[in-house]
Amino acid sequence: MKIKKILILLLMVFLTIQSPSFAAKSAYTNTSCYVYAKPSTSAARKKISKNTKLYYIGSTGKFFKVTVSGHKVKVYILKKYVSKYKTTTKKKIQTSSSWKSKVEKMNWSKAKKLVKVNQTATLYSVRTGLEFKFKRTGGLNHMDAEPLTAANTTTLWDIAEGYFSWKTHPMILKVGGKYIACSINTMPHGQDKLKGNDFEGCFCIHFINSKTHGTNVINQDHQNQIDAAYKWAQK
């Protein structure tokens, strides 16, 4: 009996891992697509538009079982068409040559004093031209931060190319008239100190010679992205 309970618990954990888009029991379509009467693409279907809100009921194979916003009928949708956040199209932030000319690299020992714990600042993505506000929530070896609002989390989602991960991204920290080349990952982890921002945990911001918390070493991927952000500013 105990073995059966353990197997059921492991199955529940597995399903949770396989269904990240529905951590909050709701999500959105990331493109116009079909919902089906049964978990099969040959079943009766109906087309729904991009950014349609869905409510999670269950999971079977490559399908989620859901209800569509405003309807009670249970239908099935392919998992690849589901995203935790709305897909948005944002205008790139215009940058001037004088703005870019102020970008500098900074050692962590100095950078950590620029944004104190509970202070807000802005991060600019050199790859996407998008920027968002964040609050520093902690961090000794590097900055731990959270998007300031749910809207800022949506922008971070776009910067992350539609999937939060440990992938590193070249960024510019904008605070107090300073522009500092830095690097982030987008994976929510650790303590969740801000409520209502749709981001369950924190993400990391690295600077020259900053280190990871777990291994206490300088991460070369982050250092490379800092260089990439700085070189972007020199063009």
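The values are calculated or read from the model by the stated rules, or taken from the named source; none is laboratory data. Just so it is clear, the structure is predicted and the values come from calculations on it, not from any experiment. Don't worry about glycine lacking a Cβ; one is built from the backbone with ideal geometry, like all the others, and counts go over all protein chains shown.
Tabulated results
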read-out	value
Residue in the stretch 220-230 that is of a type in the set (F, W, Y) and in contact with a Ser or Thr (Cβ under 7 Å, 6 or more places away or on another chain) present	no
Filter result (small (G, A, S) and under 19 Å from the mean Cα position of the chain (by Cα)) within the stretch 23-51	A23, A24, S26, A27
So W108, is it of a type in the set (A, V, I, L, M, F, W, C) and farther than 13 Å from C204 by Cβ	no
Qualifying residue in the stretch 15-26 (condition: at pLDDT 85 or above and either assigned to a loop (DSSP other than H, G, I, E, B) or in contact with a helix residue (DSSP H, G or I) (Cβ under 8 Å, 6 or more places away or on another chain) (or both))	no
Residue list for the stretch 79-100, filter: modelled with pLDDT of 80 or more and either part of a helix (DSSP H, G or I) or loosely packed, with under 15 Cβ neighbours inside 10 Å (or both)	K79, K80, Y81, W99, K100
Residues being part of a loop (DSSP other than H, G, I, E, B) and within 20 Å of D227 (Cα to Cα) - total across the stretch 114-127	3
Filtered residues of the stretch 117-139 (kept if under 19 Å from D198 (Cα atoms) and among the hydrophobic types (A, V, I, L, M, F, W, C))	A121, L123, L130, F132, F134
